[in-house]
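Values in this text are rule-based calculations from the coordinates and carry no lab data. The shown structure was predicted, so the numbers you read here are calculated from the model rather than taken from an experiment. Note that each Cβ is placed from the backbone with ideal geometry, even for glycine, and that neighbours are counted across all protein chains shown.
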């Protein structure tokens, strides 16, 4: 009688590990070396920032307005608003937020990331809109 030396565990192939990618819940971006997070539900999109037209008599943190697919979007410079020293990059991005069909853009120097976890300072978007949007 020949004895089977393989145990059942040795004969079974190890199943490949399943990797679960967490669903992004926040958009994370950096302004002047500080990280900020906004909830995905308010993120309308991210676009390369084109021409910004200044708005006379607007607060210093308002850079002006830009056109995004034919829609005027007020542009806020978070570095000026939060008094963060920042070197202006040649390529800038616009994080476009939406609350109740109103749009607002925040300028950033690096492409934002989508993340499952909050990082840095959390921005309460409805409160931010109420306080800083251009009316």
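Over the Cα atoms of the stretch 17-132, how large are the radius of gyration and the largest Cα-Cα distance (Dmax), in Å?
Cα-based Rg and Dmax for the stretch 17-132 come out at 14.4, 59 Å.
What is the stretch 64-135 by shape, rounded, prolate or oblate, if you read a ≥ b ≥ c off the alpha carbon gyration tensor as root eigenvalues and call it rounded for a/c under 1.5, prolate for a/b larger than b/c, and oblate otherwise?
Values: a/c = 1.35, a/b = 1.12, b/c = 1.21.
Judged from the Cα gyration tensor, the stretch 64-135 comes out rounded (a/c under 1.5).
Of the listed peptides 64-72, 25-33, what is their order by residue-averaged count of other C-beta atoms within 10 Å, with the highest listed first? Walk me through the intermediate numbers first.
Working: 64-72: 13.7, 25-33: 18.6.
The most tightly packed comes first, giving 25-33, 64-72.
Work out how much length residue 90 to residue 39 would gain on full extension: take 0.36 nm times their residue separation and subtract the Cα-Cα distance, in nm to one decimal.
On the way: separation 51, 0.36 × 51 = 18.36 nm, distance 2.71 nm.
Separation in residues times 0.36 nm, less the Cα-Cα distance, equals 15.6 nm.
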